[in-house]
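*Asks:* Shown below is the structure under consideration.
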Amino acid sequence: MARSTRITVDLGSGDLFKAVKLAAVEQDKTIREIVIEALEAWLMLKKDVPEDKNFQSMIQTIDTYRKTYGNGGEA
């Protein structure tokens with residue numbers, strides 16, 4: 001089972017939080033799902049990112065590592 005990573009974000013605006021909360025309700029999603037989608041979309045827009053810093057490449061590398069060594073990191 002993958003570990004959950006938590007972050008705390010100061011949005012700097014109550015209105016922004018309300019808008020995100022409203023969007024989540026309208027789309028029948030959680031705020032977590034909305035934030036994850038937004039972050040993934042933002043990362044995908046990074047066109048000038050070197051291959052070794054590419055989000056998808058990083059995820060594939062981590063998945064391969066976990067399949068090979070498991071979450072404990074030992075062969």
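*Asks:* Using a 7 Å offset from Cα along Cα-Cβ at Arg66, what residues in the stretch 3-42 end up with backbone N under 18 Å from the label point?
*Replies:* So the set is 3-7, 33, 36-37, 40.
*Asks:* Through the Karplus equation 6.51 cos²θ - 1.76 cosθ + 1.60, θ set to phi - 60°, convert the phi angles of the stretch 5-21 into ³J(HN,Hα) values in whole Hz; use x for Gly and Pro.
*Replies:* Those phi angles translate into 10, 10, 9, 10, 10, 8, 6, x, 7, x, 5, 5, 4, 4, 5, 5, 4 Hz.
No value in this document is a laboratory result; all are computed from the given coordinates. Computed from a predicted structure; not experimentally measured. Ideal geometry is used to build each Cβ from the backbone, glycine not excepted, and the neighbour counts take in all protein chains shown.
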